[in-house]
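> The structure under discussion is supplied below as structure tokens; questions concerning it will follow.
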Amino acid sequence: MIEIKNLHAKVEDGDEILRGINLTIKPGEVHAIMGPNGSGKSTLAKVIAGHPAFEVTEGTIQYDVNNKLTDLLEFEAYERAQKGIFLGFQYPVEIPGVSNFGFLHESFNEVCKAQGVNEVTEEEFREFLKPKLDLLEMNASFLDRPVNTGFSGGEKKKNEILQMAVLNPRLSLLDETDSGLDIDALKIVSKGVNAIKNKYNAVLLVTHYQRLLDYIVPDYVHVLSNGQIIKSGGKELALELEEKGYDWLTKVQ
Amino acid sequence: MKEREELNKNILDQMMSLNLSSDAQKAFDRFKLQGLPHKKLEDYKYTNVDAFFPKALNIKAVAGELTNDQVTKLARGIKPQLVLINGKVSNEYSNLPDGVEFQISDSFTGNKDFPTDSLEDLNLILTEQFIKLTIKKDSSPGIINILHLNTAEAINSVGASRLLVNIEANSVARIAEYFNSPDQGSYNRNHMTELTVAKNANAEHVKVVTEGAESFHFGSVKATVEANACLHSFTFTTGGKLSRNNINIDLVGAGARGEVNGLYALRGSQQCDNFSHINHKVERTESEQLFKAVLDDVSHGIFTGKIIVHRDAQLVDSSQLNKNLLLSKKAHADTRPQLEVYADDVKCAHGATVGQLSEEELFYLESRAISPRDAKIMLCHGFVQEALDKIKHVETKKYLENLLYTEYEEDIHQRMREEA
Ligand SMILES: Nc1ncnc2c1ncn2[C@@H]1O[C@H](COP(=O)(O)OP(=O)(O)OP(=O)(O)O)[C@@H](O)[C@H]1O
Ligand SMILES: [Mg+2]
């Protein structure tokens, strides 16, 4: 689904943040990325999603479009989203004055348009949303509020997964979706992600906590440190990290 | 300075021949002393009007006519209850509802105690028809749309008009004034609206400035609000090369409330100077203000909010906010709150922001498949909606949303295509 090779990225006039990332994700897989604060996890997710603040200085990202690996860096953020890439934000952005419903509707229709499917009316979309809201145990009143504005930390994260459920992406990059969630909300959100998951799509989870991985079980766990993946393994690696921290890895390096 | 003296002399010379009432004569004498406003005056710190009073300007009302088709076109979908052409009422289109009394006189009948600036004095000197509407006690006549249109003859002239609206006790008044003209040539419009809002009345006055691209719009709204009455004022500006909107509200009875809001969306080298002045003259009066600006290209938006809380006007509650969104690096916003509080038990809040579209908000929308262009539009709409939502009369609000979201934006996109 996606092949990242020797990816280097930096912010304009800044130091390198990503220093040679190699990562391949196949359809149906769940990958978890762990690693110390500031190691570049969010940056990796944002670079894949096309955030304009980062500049790729070396390496490639190839992404499967119509069964053909295509240079993802050629596309702007909105085009990547239209092609099925979804970034669940570590810090979802508040947008006062723009209604959550209008935003979701426009977003959904943009993806429909890009994928050659008919756009839907407001009424149709409201119906379409109902089961998604139920899945995430969200009250419909969230739709009529401005995007994320005044939402609690947990509500914002749920709203991210609601968007994921609406857009049905092929590759979801979920950046610390678990942080700020209470135990019940964590279960609900995980249930949501698991319901959307299937053998055709893939999920990249960024997390600090093993706990999330009890609910969304990864096929692979990677440790990112100082802009590089320094260790990869199966789900048991997460348990080991939980126990020992990162020191033993970063020191060996 | 010398040049301005010449301009003033030219204006005075041209006005010499006018037949002035005693009030107009007083205004003339004041104008003679003060001349045109200029940047050395605190109230006109950012705005110079000299360029709109060239020697060749005709300082008097001009006659003119518009065909039905022209009126329809300039009305842009508005159904008017009153149409003024070059400052004069056109009988053909008058269609005032029950509960509204209509009079025209040739002399000033409004409040003589309001202080005036020299453009307001000019208005009194030059106005030929003083229009008076009375919204009868206890009545609720519905929307009164007033169209102010100019003809081609008004180019290179200054035309003045004046409206007095007496809103009697317990009535509900909804008034919208639209200023428009064929988009050509430079003209100079000077219009004043005076509102008296009697006890328990609920009034809304919306002013829509979509003047021609080379024009100067000077407008002044002066209102007196009595006990337990409420005035909602909204000033909407997208037109004119230069516009100056004075809004002066006296809250004179306990429980009086003034909501003074506005939206100005400018581009090119447009300049819009909003000057609001609210007088809390007695206790338990409230005012609330929100002015929002969207400034593109090299446009210049100005907001001054003067609030005076008089001695003994205790328990006053007043808030003021001016928010500016800059869409280009060269657009410019000036904002100044001016608070003078002479009572001690008073709540006064004020704030101002000047900023650009947030990169993070744009990226958030773009990461959800929305194109950069649509994302910008969504964020701009989100920004202005808060202001538009202050308009009480729903159809007027919808109309202005539409005006802003379709015509105004279409224009911008058209221009972008032409430049490309
Ligand atoms: N826009 C930016 N401008 C400057 N530096 C940045 C920017 N974005 C990220 N960085 C820097 O890049 C490094 C990696 O940041 P990133 O947010 O990717 O870390 P992270 O691994 O997600 O950390 P955390 O676990 O705390 O979320 C940090 O040192 C951060 O300060
Ligand atoms: Mg992070």
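> Quick one: give the max-minus-min coordinate of the C-alpha atoms of the range A:84-180 along each principal axis, largest first, in Å.
37, 28, 25
> Counting DSSP beta bridges in chain B, what percent are antiparallel, to the nearest 5?
Values: 8 of 141 bridges.
Around 5 percent antiparallel, to the nearest 5.
> Restricting attention to the range A:8-87, which GluC sites (Glu not before Pro) occupy a DSSP loop and are surrounded by at most 11 other Cβ atoms within 10 Å? Write out the running numbers ahead of the final one.
Numbers: sites: A:12, A:16, A:29, A:55, A:58, A:74, A:76, A:79; in loops: A:12, A:29, A:76.
Taking the range A:8-87 and a limit of 11 other Cβ atoms within 10 Å, the loop GluC sites (Glu not before Pro) found are A:12.
> Please get the size of the charge dipole for the range A:2-250, origin at its Cα centre, with Cβ charges of +1 on Lys and Arg and -1 on Asp and Glu, quoted in debye to the nearest 20.
Details: 26 positive and 38 negative charges, 112 e Å.
So the magnitude is around 540 debye.
> Run the 1.4 Å probe and let me know the accessible area of residue B:312, rounded to the nearest 10 Å².
100 Å²
> Enter the mean projected area of the convex hull around the alpha-carbon atoms of the protein assembly as shown, in nm², rounded to one decimal. The partial results should precede the final answer.
Numbers: hull surface 140.5 nm².
Computed as one quarter of the Cα hull surface, the answer is 35.1 nm².
> So for chain A, averaging the separation of alpha carbon pairs under 8 Å that are six or more residues apart and normalising by length, what relative contact order in percent results?
27 percent
> Could you give the nm distance between label points at residue A:183 and residue B:389, where each point is 7 Å from its Cα heading toward the beta carbon?
3.8 nm
> Could you tell me the relative contact order of the range B:108-176? Use alpha-carbon pairs under 8 Å, at least six residues apart, and round to a whole percent. Intermediate results must be reported in sequence, preceding the final value.
Numbers: 81 pairs, mean separation 31.5, N = 69.
Relative contact order of the range B:108-176: 46 percent.
> Relative to the Cα centre, what is the charge dipole magnitude of chain B, using +1 at the beta carbon of each Lys and Arg, -1 at the beta carbon of each Asp and Glu, and rounding to the nearest 20 debye? Don't skip to the answer; put the middle values down first.
Details: 48 positive and 59 negative charges, 70 e Å.
My answer is approximately 340 debye.
> Right, another one. Given a 1.4 Å probe and every protein chain left where it sits, what share in percent of the accessible area of the range B:139-196 is carbon and sulfur?
On the way: 650 of 1390 Å².
Ligands and nucleic acids excluded, carbon and sulfur reach 46 percent.
> Could I ask something else about it? Let's see if you can work this out: charge +1 on each Lys and Arg Cβ, -1 on each Asp and Glu Cβ, no other charges. What is the dipole magnitude of the protein assembly as shown about its Cα centre, in debye to the nearest 20? It would help to have the intermediate numbers written out before the result.
On the way: 75 positive and 97 negative charges, 67 e Å.
It comes to approximately 320 debye.
> Looking at the protein assembly as shown, what % of its DSSP beta bridges pair antiparallel, to the nearest 5? The partial results should precede the final answer.
Details: 34 of 184 bridges.
Beta bridges within the protein assembly as shown, antiparallel portion: roughly 20 percent.
> Next up: Quick one: order A:200, A:220 from most to least accessible surface, probe 1.4 Å. Walk me through the numbers on the way to the answer.
Numbers: A:200 155, A:220 95 Å².
Of A:200, A:220, the descending order of accessible area is A:200, A:220.
> Within 13 Å, Cβ to Cβ, of residue A:69, how many net charges do the neighbouring residues add up to if Lys/Arg are +1 and Asp/Glu are -1?
On the way: positive: A:5, A:26, A:68, A:83; negative: A:3, A:64, A:71, A:74.
Here the count lands on 0.
> Moving to a separate point now. Between chains A and B, what is the buried accessible area in Å², counting both sides, with a 1.4 Å probe and ligands, DNA and RNA left out, to the nearest 100?
In total, this chain pair buries about 1900 Å².
> Along the range B:242-252, what does the Karplus equation 6.51 cos²θ - 1.76 cosθ + 1.60 (θ = phi - 60°) give for ³J(HN,Hα), rounded to whole Hz, x for Gly and Pro?
Coupling constants for the range B:242-252: 10, 9, 10, 10, 8, 10, 10, 10, 9, 9, 10 Hz.
> Okay, next question. Of the DSSP beta bridges with both residues in chain A, give the percent that are antiparallel, rounding to the nearest 5.
Values: 26 of 43 bridges.
Restricted to chain A, the bridges split so that about 60 percent are antiparallel.
> From the convex hull of the Cα coordinates of chain B, what is the mean projected area in square nanometres?
On the way: hull surface 83.1 nm².
Mean orientational projected area (chain B, Cα hull): 20.8 nm².
> If you don't mind, there's one more thing I want to ask. What figure, in Å² to the nearest 10, do you get for the accessible area of residue A:217 with a 1.4 Å probe and non-protein molecules left out?
Looks like 70 Å² after rounding.
> Only sites in a loop by DSSP and with at most 16 other Cβ atoms within 10 Å count here; which trypsin sites (Lys or Arg not before Pro) in the range B:202-271 make the cut? It would help to have the intermediate numbers written out before the result.
Values: sites: B:207, B:222, B:241, B:244, B:257, B:267; in loops: B:241, B:267.
When the trypsin sites (Lys or Arg not before Pro) of the range B:202-271 are filtered for loop state and at most 16 Cβ neighbours within 10 Å, nothing remains.
> Suppose all protein chains stay in the model; what accessible area per residue would a 1.4 Å probe give for chain A, in Å²? Write out the running numbers ahead of the final one.
Numbers: 11380 Å² over 253 residues.
I get 45 Å² per residue for this part.
> Roughly how many percent of the accessible protein surface of the range A:2-250 is carbon and sulfur, given a 1.4 Å probe and a whole-percent answer? Don't skip to the answer; put the middle values down first.
Details: 5100 of 10960 Å².
Carbon and sulfur atoms account for 47 percent of the accessible area of the range A:2-250.
> Then there's this: Answer with one residue from A:233, A:33, A:23: the one whose Cα lies farthest towards the positive end of the charge dipole of the range A:2-250, charges on Cβ with Lys, Arg +1 and Asp, Glu -1.
A:233
> For the range B:305-351, what are Rg and Dmax over the alpha carbons, in angstrom?
That works out to 14.4, 46 Å for Rg and Dmax.
> Ok, one more. Which percent of Cα pairs goes in each bin when the distances of the range B:203-298 are cut into 10 angstrom slices starting at zero?
In whole percents, the pair-distance histogram is 17, 45, 25, 11, 2.
> Largest first and in whole Å, what are the equivalent-ellipsoid semi-axes of the range B:200-359 based on the Cα gyration tensor, each being the root of 5 times an eigenvalue? Don't jump to the answer; show the numbers that get you there.
Values: eigenvalues 175, 58, 25 Å².
Semi-axes (√(5λ), whole Å): 30, 17, 11.
> Still on this structure, please answer the following. Got the relative contact order for chain B handy, in percent, Cα pairs under 8 Å and 6 or more residues apart?
Taking the mean separation of contacting Cα pairs over the length of chain B, I get 9 percent.
> What is the local net charge at residue B:273, summed over the other residues whose Cβ is closer than 10 Å to its Cβ (Lys, Arg +1; Asp, Glu -1)? Walk me through the numbers before you get to the answer.
Details: positive: B:45, B:244; negative: B:43, B:334.
Computed value for this residue: 0.
> May I pose another question? What do the square roots of 5 times the Cα gyration tensor eigenvalues come to for the range B:79-153, in whole Å, largest first, as semi-axes of the equivalent ellipsoid? Before the final figure, lay out each step's value.
Numbers: eigenvalues 107, 70, 21 Å².
Equivalent ellipsoid semi-axes, largest first: 23, 19, 10 Å.
> Mind jotting down the distance between the C-alpha centroids of the range B:328-403 and the range B:1-66, whole Å?
Between the Cα centre of the range B:1-66 and that of the range B:328-403, the gap is 35 Å.
> Same structure, new question: So what's the net charge close to residue A:218: Lys and Arg +1, Asp and Glu -1, counting the other residues with Cβ under 11 Å from its Cβ? Each step should come with its number before you reach the end.
On the way: positive: A:235; negative: A:29, A:214, A:219, A:236.
Local charge sum for residue A:218: -3.
> Sticking with this one: Report the one residue of A:101, A:63, B:58 whose Cα lies farthest in the direction of the positive end of the charge dipole of the protein assembly as shown (charges on C-beta: Lys and Arg +1, Asp and Glu -1; origin at the Cα centre).
B:58
> For the range A:183-253 and the range A:4-24, what is the separation of their C-alpha centers, rounded to whole Å?
Using only Cα atoms, the two centres lie 21 Å from each other.
> Under a point spin-label approximation (7 Å from Cα along Cα-to-Cβ), what is the residue B:56-residue B:156 distance to one decimal in nm?
In this crude spin-label approximation the distance works out to 0.5 nm.
> Test of understanding: what is the full-extension gain from residue A:124 to residue A:112, defined as 0.36 nm times their sequence separation minus their Cα-Cα distance?
Details: separation 12, 0.36 × 12 = 4.32 nm, distance 1.35 nm.
In short, 3.0 nm is gained.
> Just the number: Rg to Rh for the range A:2-250, Cα atoms, Kirkwood Rh, two decimals.
Working: Rg = 17.8 Å, Rh = 18.6 Å.
Checking Rg against Rh, the ratio lands at 0.95.
> To continue, here is another question. Can you sort B:163, B:327 by 1.4 Å-probe accessible area, starting with the largest?
On the way: B:163 5, B:327 70 Å².
Listed by decreasing accessible area, they come as B:327, B:163.
> Let me ask you something else. Can you pull the one-decimal nm distance between simple spin-label points at residue B:397 and residue B:343, each 7 Å off the Cα toward Cβ?
2.9 nm
> If you don't mind, there's one more thing I want to ask. Can you sort B:3, B:361, A:160 by 1.4 Å-probe accessible area, starting with the largest? Intermediate values should be presented prior to the final figure.
On the way: B:3 145, B:361 45, A:160 0 Å².
Ranked list, largest accessible area first: B:3, B:361, A:160.
> Tell me the Kirkwood hydrodynamic radius of the range B:2-253 in angstroms, computed as one over the mean inverse distance between distinct C-alpha pairs.
Working: mean 1/r = 0.0542 Å⁻¹.
One decimal place: 18.4 Å for the Kirkwood radius.
> Which one, B:161, B:255, B:124, projects farthest toward the positive side of the charge dipole computed for the protein assembly as shown from Cβ point charges (K/R +1, D/E -1)?
Going by the charge dipole, the pick is B:124.
The values are calculated or read from the model by the stated rules, or taken from the named source; none is laboratory data. A quick note: this is a predicted structure, and the numbers were derived from the prediction, not measured. Every residue, glycine among them, receives a Cβ derived from its backbone with ideal geometry; neighbour counts consider all protein chains shown. Calculation scope for accessible area: heavy atoms of the full protein, side chains included, ligands and nucleic acids excluded. Shrake-Rupley method; radii C 1.70, N 1.55, O 1.52, S 1.80 Å.
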